[in-house]
Amino acid sequence: MRSGSAGAWVLPPLLLLALLFFYPLLLIVREALGGDGQVPGLAHFGEVLGSRMFRSALWNTMVIAALSTVGCLVLGFVLSVLLAFTPFPGSRMVARLIDTFIALPTFLVALAFTFIYGSAGMINETFVHVLGVARPPVDFLYSQWGVILSEITVYTPFVMRPLLATFSQLDPAQIEVASSLGARALTIVRRIIFPAALPALIAGGSLCLLLTVNEFGIVLFIGAKDVITLPLLVYDLAIQQFDYASACIIAVVNIVLSLGLYTVYRFVLARYGRRRAGLV
Amino acid sequence: MKSPLGTGAAAYRAVAPAADRGSGIAFDGVSVAYGGVTVLEALTLTVNPGEIVALIGPSGSGKTTALRAVAGFVQPATGRIRIGTRDVTDVPPHDRNIGMVVQNYALFPHMRVDENVAFGLRARKAASALVAARVPEALAMVGMAAYARRFPRELSGGQQQRVAIARALAIKPQVLLLDEPLSALDAQIRRSMLDELARLHRELPDLTVLYVTHDQIEALTLADRIGIMRDGKLVAFGPAQALYRHPPNRFAAEFLGRANLLPVTGLEPAADGMARVRFGDVALTARNHHALPAGDECLLCVRPHDVHVEPHADTDNTLVAVVRSIQWQGDTQSVELALGEHVLRLACPPRLTLPGIGDPLPLHFRGTQATLVPVGAALG
């Protein structure tokens with residue numbers, strides 16, 4: 001009786017989920033395997049996955065995601081340590097301000113960066129007009145480095161959030177005792193703070209990796225000529241070339257990659273617990 | 001039962017460099033303020049080499065601030081702090097050569113017991129051979145040698161605290177700072193750890209210890225001298241027994257052990273450091289340890305266990321009070337009595353037959369076991 005009524009409660013959200021989420025995914029997979037009126041097969045799969053265009057996009061995606069994640073981890077760790085252990089007037093407000101980045105659309109940072117680092121941005125304008133330099137000297141924004149810098153700026157708060165939560169639970173007496181035993185600041189960071197932060201770093205890092213692999217807005221907005229990532233390739237094939245079959249094959253790869261990274265993220269949470277990972 | 005303080009302590013002493021032995025601590029007019037609020041006011045106090053000094057007092061009295069100032073975690077607004085002959089007021093904590101043990105142990109959870117104990121030595125870049133020798137010694141000293149490869153989470157509270165003590169001692173500190181080290185333990189383990197600490201200090205008589213606690217039993221058991229703090233000030237300081245027997249002020253009398261304090265008048269100094277006083281119409285005698293002048297108003301302090309129901313041959317003071325309540329506490333009976341508007345407490349043997357509630361009860365105490373306490377606060 002009770003299980004029957006529970007089933008009745010579960011059914012509507014499941015149906016809604018299937019309609020809104022799983023069915024569109026299924027359509028992508030079906031299109032990837034041959035589309036309407038065609039016999040499903042893997043022949044086109046091999047053709048697309050073996051293409052230079054796909055391999056280049058996969059490489060770009062992985063490199064940008066990996067470097068952005070490393071950047072987020074390094075910057076996030078340094079900023080979190082400074083905010084948590086060397087509090088200064090207004091440090092709490094700074095932490096909250098950084099936190100609000102999570103709420104902003106990702107492409108906004110790319111837009112803002114064009115005003116700062118773009119060829120007609122503040123820095124280059126200063127060099128050209130004030131210092132009389134002939135050509136804009138800062139020229140990295142429209143390359144993979146511009147994408148990486150934007151992603152680091154956008155996704156660092158995703159690392160800082162669990163780190164700051166973890167640091168708030170770290171007993172300050174551990175740091176004081178370590179100091180009394182003769183440890184200097186760097187030793188304390190290396191031997192006490194970093195091990196305590198490791199679960200939060202792994203959780204935040206895998207989340208960053210997941211988000212940067214799928215980042216679309218920043219790459220599109222930067223519009224670097226040679227920086228084609230998997231999401232951008234899907235967009236290019238589907239919207240600009242109307243090659244839906246190839247776009248869906250790459251989308252399937254993107255989904256598999258994302259689910260794999262999400263599995264790693266869930267594994268980290270299960271391994272260390274949400275508390276140690278700074279997520280509760 | 002075999003002492004856990006085995007050969008480790010002897011080995012520790014044998015290899016302790018002479019320079020590390022017997023450094024005292026000196027506070028010289030140390031004040032600490034947080035945001036304009038003074039939490040420690042002009043503390044002047046000396047802990048002699050090899051001595052245990054306990055700082056006791058209620059919450060917010062400044063005792064922990066004093067300890068943290070020695071450790072270097074708070075910067076004095078005024079005054080100087082010396083460890084041995086070295087002025088450490090402006091020296092960072094990692095360079096003060098202190099051992100510190102805190103209430104919640106603060107063991108490093110990701111390190112095994114031996115790694116915890118080795119931490120300080122490694123932080124000081126000690127040679128591997130020295131670390132390998134010193135860690136087992138320190139663990140043996142606190143009876144934890146068999147637990148070297150455990151993680152802190154696999155130990156009980158008492159065992160964790162022993163590891164914390166071993167970790168502090170492994171670096172051969174000039175002074176050991178103990179900040180409420182037994183507060184997180186349950187009563188039975190606390191008693192056992194108290195014995196362990198007393199034994200440890202007997203084994204390491206050169207070790208100077210500053211012990212902060214709110215527990216008077218811990219202070220009385222361990223300390224050579226006790227400082228009593230209140231509202232950021234040192235209100236009494238002296239040898240534990242002297243402070244207990246002759247408290248210099250009302251706060252010290254009430255904070256260090258239970259005390260009956262009766263307002264008395266008409267002080268008349270007598271021979272042998274005694275004095276005669278009057279409590280209402282009743283004449284009493286007591287020790288005039290603080291040499292209070294004739295005619296002074298003061299308090300007569302007598303401890304509950306020095307008040308007797310049966311008169312002894314040399315009992316020279318008698319009062320009659322009314323029984324208000326009797327509490328049987330196993331090895332003693334705690335009796336509360338009304339003496340006019342004043343309350344008296346006495347501790348008597350558990351089998352003694354007492355009158356009922358509301359009945360009068362004659363009380364007797366020796367003048368030599370009562371002491372006169374000045375009304376105004378004074379430092380002992």
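The values are calculated or read from the model by the stated rules, or taken from the named source; none is laboratory data. Worth saying up front: this structure is predicted, and the values here are computed from it rather than measured. So basically every Cβ, Gly included, is an ideal-geometry build from the backbone, and we count neighbours across all protein chains shown. We work out accessible area using only protein heavy atoms, side chains counted, and drop any ligands, DNA or RNA first. Shrake-Rupley method; radii C 1.70, N 1.55, O 1.52, S 1.80 Å.
Assorted remarks:
- Qualifying chymotrypsin sites (Phe, Trp or Tyr not before Pro) in the range A:189-280, DSSP loop, other Cβ atoms within 10 Å at most 15: A:Phe216, A:Phe242
- For the range B:55-190: rounded, prolate or oblate by the Cα gyration tensor [a/c cutoff 1.5]: oblate
- Charge dipole (the range A:44-279, unit charges on Cβ, about Cα centre) - positive-most of A:Phe115, A:Phe194, A:Phe45: A:Phe194
- Residue (of B:Leu361, B:Thr44, B:Ile25) at the positive-pole extreme of chain B, dipole from beta-carbon charges: B:Ile25
- Estimated dipole of the protein assembly as shown in Debye, rounded to 20 [Cβ of Lys and Arg +1, of Asp and Glu -1, Cα centre]: 1280
- Scattering profile of the range A:1-142 at q = 0.11, 0.12, 0.15 Å⁻¹ [log10 I(q)/I(0), Debye over alpha-carbon scatterers]: -0.90, -0.98, -1.08
- Simple label model, 7 Å out from Cα along Cβ direction - A:Ala185 to A:Arg96, nm: 2.7
- Coupling constants for the range A:18-24 follow from the phi torsions by the Karplus curve (6.51 cos²θ - 1.76 cosθ + 1.60, θ = phi - 60°), and in residue order they are 4, 5, 8, 10, 6, 5, x Hz; glycine and proline get x.
- Computed over all pairs of different Cα atoms, the Kirkwood value for the hydrodynamic radius of the range B:104-261 is 17.0 Å.
- Karplus-derived 3J(HN,Hα), 6.51/-1.76/1.60, for each residue of the range B:173-183, Hz, glycine and proline x: x, 5, 9, 10, 9, 10, 9, 6, x, 10, 5
- Across the range B:332-379 the C-alpha pair distances fall into 10 Å bins from zero in the proportions 18, 45, 27, 9, 1 percent.
- Cut-off of 10 Å, at most 16 other beta carbons, DSSP loop: longest stretch of chain B lacking such GluC sites (Glu not before Pro): B:1-296
- Listed values for the range A:222-231 are Karplus-derived 3J(HN,Hα) couplings in whole Hz (6.51 cos²θ - 1.76 cosθ + 1.60, θ = phi - 60°), namely 5, x, 5, 4, 9, 9, 10, 9, 4, x, and x replaces Gly and Pro.
- Accessible-area value, B:Ser334, 1.4 Å probe, nucleic acids and ligands omitted, Å²: 20
- FRET efficiency, B:Arg80 to A:Phe88 (Cβ-Cβ, R0 30 Å, nearest 0.05): 0.60
- Span per principal axis, largest first, for the Cα atoms of chain A (Å): 76, 74, 30
- Range of Cα positions in the protein assembly as shown per principal axis (Å), largest first: 118, 78, 52
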